[in-house]
Amino acid sequence: MIVNIDQKYINAIKFGEVVAFPTETVYGLGADAWNPEAIAKVFKTKGRPSDNPLIVHVADPSQINDFASSIPEAAQLLIEEFWPGPLTLVFNKRPEVLDAVTAGLNTVAIRMPSNEIALSLIANTNPLVAPSANKSGTPSPTKYTHVKADFDDSVLIINGGSTQVGLESTVLDVTGTEPMILRPGVIGKEDIERVLGQKISVDDSNSEQPKSPGQKYSHYKPKAEIQWLNSDHDLEDSSSLFLLLNTEFEQSNIINYDQDFDLLARELYDRFRQADIDGYKQVVIEPFDDRYESTIIPALLNRIEKATSL
Ligand code: AMP
Ligand code: MG
């Protein structure tokens, strides 16, 4: 159960360096959450705007107490049900939490990942901030090779193969009377409502002052244009990669997902990146909606909508 982490990664974190590591969602660019110089390196390495706060990754729920000023009962219930796992909770912060982590907000986002490498690295060091380990603007990394492509040898990378979920965590604000989803993820609205026994809301504002600051940035974009399939598209067009839900066609530029939305989520960013490598001009995705019984659909729609927008 406990995986061994090469001492060089542990030392690097302790000396204030950044280390990229796998989580079950995407790879993270990790740095000690209590070291301002290390956090500055995360922003610099990624080219991340400084008004976009970071998620603190813990190895044990008790570590929340060092960052959050209080833990609402709803959060307790959700932690028992979903941690370790892809659910980030936003708490009111303690005054000691570094401004670089929260981008000056009075709240702090925390999650406990389930990936064993991530847990072991954190347990051997400190809680880590870990935004996605990509250059700002490129799709989030779901494979070691993606991190390597963005940073080459400039950061240490722990190879953990492909990530399981493939999309970033659900972000849930638990500071108000009614919890609010700030970013959809594989843990869905209904999953959370079932555990809490109450309705929750979803922040779908893309306003100038969104509750989840990261939402205003256009992430997840390859160079190829991302489009929803429509009647103008031609499957013979070899400059387009087609991601389809159900098709009989077998062609190198057509991937059939057979309505497996979990697989589509797991592979989406890799398809985006590989499309650029293969020289496709467009990635064309067959439209779908939440009629299908999969909790990841709102998250998938959110990421694809962001990628299709200009
Ligand atoms: P990333 O680490 O790139 O997956 O992005 C982290 C996400 O968490 C972004 O969408 C942030 O805006 C969001 N986030 C982090 N901290 C907070 C916070 N204190 N309040 C609201 N959203 C947050
Ligand atoms: Mg990111």
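Distance between the modelled labels on LEU301 and SER201, one decimal in nanometres: 1.9 nm (7 Å Cα→Cβ projection). Taking amide H as placed 1.01 Å from N in the peptide plane, ALA103 has its amide H under 5 Å from the amide H of LEU54, each at least 5 places away in sequence or on another chain.
Per residue, the chain reaches -8000 deg cm²/dmol at 222 nm when only DSSP H runs of four or more residues are counted, each adding -39500 (n - 2.57).
Dipole of the chain computed with +1 at Lys/Arg Cβ and -1 at Asp/Glu Cβ about the Cα centre; of VAL42, ILE297, LEU167, farthest Cα towards the positive end is VAL42. Axis angle, to the nearest 10 degrees, between helix 297-308 and the longest C-alpha principal axis of the chain: 70 degrees.
Counted by Cβ distance under 13 Å from ILE79, the other residues give a net charge of -3, where Lys and Arg count +1 and Asp and Glu count -1. Within the full protein context, the accessible area of SER70 is estimated at about 60 Å² for a probe radius of 1.4 Å. Mind running the shape call on the range 74-216? Use the C-alpha gyration tensor, a ≥ b ≥ c as the square roots of the eigenvalues: rounded below 1.5 for a/c, prolate if a/b tops b/c, oblate otherwise. Because a/c hits 1.5 or more and a/b exceeds b/c, the range 74-216 counts as prolate.
Taking label points 7 Å from Cα along the Cα-to-Cβ direction, SER70 and SER231 give a separation of 5.7 nm.
Placing a label point 7 Å from the Cα of LYS8 along the Cα-to-Cβ line, the residues of the range 141-173 whose backbone N sits under 14 Å from it are 153-159. To the nearest ten degrees, helix 36-46 and the longest principal axis of the Cα atoms of the chain are 10 degrees apart.
In the chain, the sites counted are chymotrypsin sites (Phe, Trp or Tyr not before Pro) in DSSP loop states with at most 12 other Cβ atoms within 10 Å, and the longest stretch holding none of them, exclusive of the sites, is 16-248. Taking MET180, MET112 and ordering them by how much accessible surface each has at a 1.4 Å probe, largest first, produces MET180, MET112. Largest GNM mean-square fluctuation across GLU193, GLU24, GLU168, computed for the chain with C-alpha springs under 10 Å, falls on GLU193.
Taking Cα atoms only, the orientation of helix 261-277 departs from the longest principal axis of the chain by about 80 degrees. Springs join every pair of Cα atoms under 10 Å in this Gaussian network model of the chain, and among LEU196, LEU119, LEU156 the largest mean-square fluctuation is at LEU196.
The values are calculated or read from the model by the stated rules, or taken from the named source; none is laboratory data. Because the structure is predicted, anything quoted here is derived from the model rather than measured. Because the Cβ atoms are built from the backbone with ideal geometry, glycine has one as well, and the counts that use them run over all protein chains shown. Just so you know, the surface numbers come from the protein's heavy atoms only, side chains and all, with ligands and any DNA or RNA stripped out. Shrake-Rupley method; radii C 1.70, N 1.55, O 1.52, S 1.80 Å.
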